[in-house]
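Chemist: Starting off with a structure, shown below.
Each reported figure results from applying straightforward, stated rules to the coordinates on display, with no laboratory input. The model shown is predicted, which means the values in this text are computed figures rather than measured ones. Glycine also receives a Cβ, built like all others from the backbone with ideal geometry; neighbour counts cover every protein chain displayed.
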Amino acid sequence: MNAQRPAWTLSEAVERTSASRATLKRLLAADGLPNAYKDQRGRWRIPITDLIAAGHPPSSSIEGIAPTEEETNEAGTAGHIAALEAELRTMRIKLEAAQSIAEAHQLRADSAERALRLLEAPKKSGVTDLAQGGSNEPPEPAQKENPQVTVSSPEPGEPAQPGSLKRLWRAFTRHA
């Protein structure tokens with residue numbers, strides 16, 4: 001520890017700041033006073049700059065013990081750096097959480113896409129899609145070459161004559 005920096009015992013720090021003993025012990029346990037150390041007798045020694053950085057400056061009634069302007073600036077900078085490091089840790093945790101959420105959403109999207117592909121029916125020849133204006137009638141069977149049966153089928157786009165499909169089917173099945 002630097003001998004130029006004044007350090008107080010825990011009892012002195014309680015007497016000379018607005019902090020309670022329990023507050024200072026919590027700060028020590030949470031490493032909120034990073035330059036604090038135990039002396040040869042096993043007592044905590046807390047640098048005044050650490051107390052200022054933690055938000056517990058010496059009370060104004062103490063004369064001759066107030067830190068110098070340089071120590072106050074150093075403590076303020078140390079406190080600012082500590083706050084920025086804590087914010088950085090928080091942001092890294094949030095980033096990791098956001099990345100894992102994005103990965104989960106991507107996996108769901110990929111699974112949904114695969115499921116949709118599996119649900120799509122393969123197109124069979126001769127079958128038209130109802131959504132594209134086709135009909136739900138069964139396709140006409142292929143005509144066998146039979147000189148005895150001549151059945152004319154309607155041109156594409158023309159309506160079929162009533163009973164023509166029935167006649168065609170009967171003629172096809174009789175000679176098959």
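Chemist: What FRET efficiency do you get for Leu118 and Trp169 if R0 is 45 Å and r is their Cβ-Cβ distance, rounded to the nearest 0.05? Intermediate values should be presented prior to the final figure.
Modeler: Details: r = 35 Å, r/R0 = 0.77.
Computed FRET efficiency for Leu118 and Trp169 comes out at 0.80.
Chemist: Using θ = phi - 60° and the Karplus curve 6.51 cos²θ - 1.76 cosθ + 1.60, what whole-Hz ³J(HN,Hα) does each residue of the range 11-22 get, with Gly and Pro shown as x?
Modeler: These are the phi-based 3J(HN,Hα) values: 5, 5, 5, 5, 5, 9, 10, 8, 7, 8, 4, 5 Hz.
Chemist: Given R₀ = 41 Å, FRET efficiency for Arg5-Leu107 by Cβ-Cβ distance, to 0.05? Can you show the working numbers first?
Modeler: Values: r = 54 Å, r/R0 = 1.33.
Between Arg5 and Leu107 the formula returns 0.15.
Chemist: Sort 37-48, 79-90 for me by packing, meaning the mean count of neighbouring Cβ atoms within 10 Å per residue, highest on top.
Modeler: On the way: 37-48: 14.4, 79-90: 11.2.
By packing density, highest mean first, the sequence is 37-48, 79-90.
Chemist: Return the distance in nm (one decimal) between the two label points of a simple spin-label model at Glu85 and Ala98, each offset 7 Å from Cα along Cα→Cβ.
Modeler: If labels sit at Glu85 and Ala98, their model points lie 2.4 nm apart.
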